[in-house]
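Colleague: I am attaching a structure below and will ask some questions about it afterwards.
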Amino acid sequence: MSIFRSEARLLISKNHTMAWLLSKTFEERQAIVSIARASISTVRAEETLAKKLLCEPILQKGLEKERGYVAKCALQIKRRDQAIDAISPFGFINSLNSISALLDSPSESDRASALAAQIRFRERALLQPPPEPKIYTLSRMGKKLTEEELHRRLMLLIEADQKGTLLASSFDHPFTGRSIRRWTEEANEDGVVSSIERKGETTLVTLSFPSGSVSHPLVHFEYLLDEGSFDLLDDLL
């Protein structure tokens, strides 16, 4: 039942309209009813317009909210992908001893960028909870943080990770246990895919070589396989 019809019934029952109508002669009642019926289409049109005017801003607001949510998700995905790409030269650093690999460059800027990339990866790909306030704010008063401060923050994140702030779970995967060859400019090195685990919000592949272990996000490891930086030795037989 429409709002207008409900209101009409309520008014008729409360203000004695029916008694007034019945007090009229038959001809008068017919004339009054005819006038009322003639206005039904106008009333319905006004009701439809009122509903439209009410719904349009609600729908518009809903669409704007949805577009904002989609844009936010797209930005998060873009930042996550950028964070994954940024750690590709060294892989994922998950131990304090491995940080030294980031500090071999003679360029202070390169060392700082490598440290910052690891921090951003933990923030945007792993979604690691911050162990201290503003740890993911990598500038201070418009200036980039020093190498020493970035080093300290990465150490703090790794230590927090080792205490179990990030949920990690291993699972079976076709890559697990496969022999692998790493190609570098100097030489190649054979190793094995030692584990694949879900860590935080990212799946990581750990590769073990005689020279040490390295971890990569699974999606990036698959890219490196396609690119030729790694080969699965079983596929070469």
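Colleague: Give the residues of region 75-99 that are buried (at least 16 other Cβ atoms within 10 Å of the Cβ) and of a type in the set (D, E, K, R), sorted by residue number.
Modeller: Arg80
Colleague: So for region 137-150 (the condition being under 23 Å from the mean Cα position of the chain (by Cα) and of a type outside the set (Lys, Arg)), does at least one residue qualify? Lay out the reasoning, then the answer.
Modeller: We begin by selecting, within region 137-150, every residue under 23 Å from the mean Cα position of the chain (by Cα); these are 137-138.
Okay, now just the ones that are also of a type outside the set (Lys, Arg), so 137-138.
The answer is yes; a qualifying residue exists.
Colleague: Now a separate question. If only one of Leu166, Leu127, Leu115 is aliphatic (A, V, I, L, M), assigned to a loop (DSSP other than H, G, I, E, B), crowded, with 17+ Cβ neighbours inside 10 Å and in contact (Cβ under 8 Å) with a residue 12 or more places away in the chain, which one is it? Please lay out each step first, then the result.
Modeller: On the way: Leu127 fails: crowded, with 17+ Cβ neighbours inside 10 Å; Leu115 fails: assigned to a loop (DSSP other than H, G, I, E, B).
When all the criteria are applied, what remains is Leu166.
Colleague: Check region 76-98 and report whether any residue there is within 30 Å of the chain's Cα centre (by Cα), hydroxyl-bearing (Ser, Thr, Tyr) and assigned to a helix (DSSP H, G or I).
Modeller: First, the residues of region 76-98 that are within 30 Å of the chain's Cα centre (by Cα): 76-96, 98.
Within this subset, residues satisfying the condition of being hydroxyl-bearing (Ser, Thr, Tyr) are 88, 95, 98.
If we keep only those that are assigned to a helix (DSSP H, G or I) too, we end up with 98.
Yes: region 76-98 contains one or more residues that are within 30 Å of the chain's Cα centre (by Cα), hydroxyl-bearing (Ser, Thr, Tyr) and assigned to a helix (DSSP H, G or I).
Read-outs throughout are calculated quantities, based only on the coordinates presented, and are distinct from any laboratory measurement. Fair warning: this is a prediction, and the values are worked out from it, not measured in the lab. So basically every Cβ, Gly included, is an ideal-geometry build from the backbone, and we count neighbours across all protein chains shown.
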